[in-house]
Amino acid sequence: MTDRKAELAANLAQVEERIVSACAAAGRKREEVTLVVVTKTYPASDVRILHQLGVRHVAENRDQDAAPKATACADLSLTWHFVGQLQTNKVRSVTSYADVVQSVDRAKLVTALSAAAVRGDRELGCLIQVALDAESGERGERGGVAPDGVEELAAAVDAAPGLRLDGLMTVAPLAGEYAGRQRAAFDRLMEISSRLRAGHPAANMVSAGMSGDLEDAVAAGATHVRVGTAVLGVRPRLG
Ligand SMILES: *Cc1c(COP(=O)(O)O)cnc(C)c1O
């Protein structure tokens with residue numbers, strides 16, 4: 001085993017142990033939580049090693065980095081999640097490799113994603129990104145729609161050809177009433193998810209929790225955790 005493979009294997013084992021413990025503490029089955037490894041800023045060679053180690057879901061946040069990486073790993077059976085703020089001029093590229101876009105946060109993006117999915121003859125999974133700290137009608141600093149805008153956006157995704165409404169995503173806010181209160185933030189996301197599922201029963205994905213707070217997300221009921229640093233190491237640059 002290469003040094004890097006051994007390092008990633010050890011890190012993955014630790015993250016797996018954390019997820020198993022968090023599931024046990026919450027009385028949940030391990031299979032209820034999917035690990036999505038956030039490979040942003042790390043090379044395609046790491047994605048390849050992660051695949052060898054059993055990882056099947058990876059996430060990226062910038063199309064410039066993600067597109068060549070996805071091409072280099074096209075022979076691997078992987079589900080690619082896009083989790084970054086997405087400009088409409090990148091939508092066509094992202095739609096060519098992403099299976100799920102977790103950062104859907106405005107109507108204009110829904111229109112563009114739908115057009116690209118139809119043109120590429122693909123079905124694209126969509127999560128509405130919720131900015132728990134955004135005021136009504138506004139968007140979050142790191143993307144996301146305010147909680148009271150979720151339903152309208154969900155209806156738009158649901159009605160859009162080529163798109164499949166899969167659920168919700170959030171990043172725990174750094175500011176506002178939820179700053180430093182991840183569990184409360186994720187509980188709030190679950191409430192919004194319950195309301196969404198009442199009208200859209202299939203939209204049952206809840207993506208929450210990162211390296212620092214995955215236990216809180218699992219405790220709250222998240223179905224997907226997005227883990228970067230704890231698997232790959234501290235990122236060499238901001239990403
Ligand atoms: C980078 C990133 C993550 C992973 O964060 P870590 O703290 O490195 O685990 C999760 N979600 C999103 C949206 C990200 O951009």
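The values are calculated or read from the model by the stated rules, or taken from the named source; none is laboratory data. All values reported here derive from a predicted model rather than from experimental measurement. Note that we place each Cβ from the backbone using ideal geometry, even for glycine, and neighbour counts take in every protein chain shown. Please note that ligands, DNA and RNA were not included when accessible areas were found on the heavy atoms of the full protein model with its side chains. Shrake-Rupley method; radii C 1.70, N 1.55, O 1.52, S 1.80 Å.
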Quick calc, LYS108 & SER21: beta-carbon distance into FRET formula, R0 35 Å, rounding 0.05, result 0.25
Under 13 Å, Cβ to Cβ, from ALA184 - net charge with Lys/Arg +1 and Asp/Glu -1: -3
Which value results when the Cα radius of gyration for region 1-85 is divided by 2.2 N^0.38 Å? 1.16
Solvent-accessible surface (1.4 angstrom probe) belonging to SER93, in square angstrom, nearest 10: 40 Å²
So for region 3-232, averaging the separation of alpha carbon pairs under 8 Å that are six or more residues apart and normalising by length, what relative contact order in percent results? 19 percent
Average Cα contact separation per residue, region 87-155, under 8 Å, 6 or more apart, as relative contact order %: 30 percent
Which one, GLY228, GLY84, GLY180, has the greatest fluctuation when you compute a Gaussian network model over the chain with C-alpha springs under 10 angstrom? GLY180
In square angstrom, rounded to the nearest 10, how much accessible surface does LEU165 have for a 1.4 Å probe? 10 Å²
Roughly speaking, what is the centre-to-centre gap between region 8-23 and region 43-104 when only Cα atoms are used, to the nearest Å? 22 Å
As a test question: what accessible area, to the nearest 10 Å², does VAL55 have when a 1.4 Å probe is rolled over all protein chains in place? 10 Å²
Set the Förster distance to 22 Å, then compute FRET efficiency between ALA155 and ARG119 from the Cβ-Cβ distance, nearest 0.05. 0.45
Square roots of five times the C-alpha gyration tensor eigenvalues of the chain, ordered largest first and given in whole Å, equal 26, 23, 16
Accessible area of the chain with a 1.4 Å probe: how many percent of it is carbon plus sulfur? 50 percent
Each label sits 7 Å from Cα toward the beta-carbon; between SER96 and ASP148 the label points are separated, in nm, by 4.1 nm
So for THR229, THR111, THR170, what's the accessible-area order with a 1.4 Å probe, most first? THR111, THR229, THR170
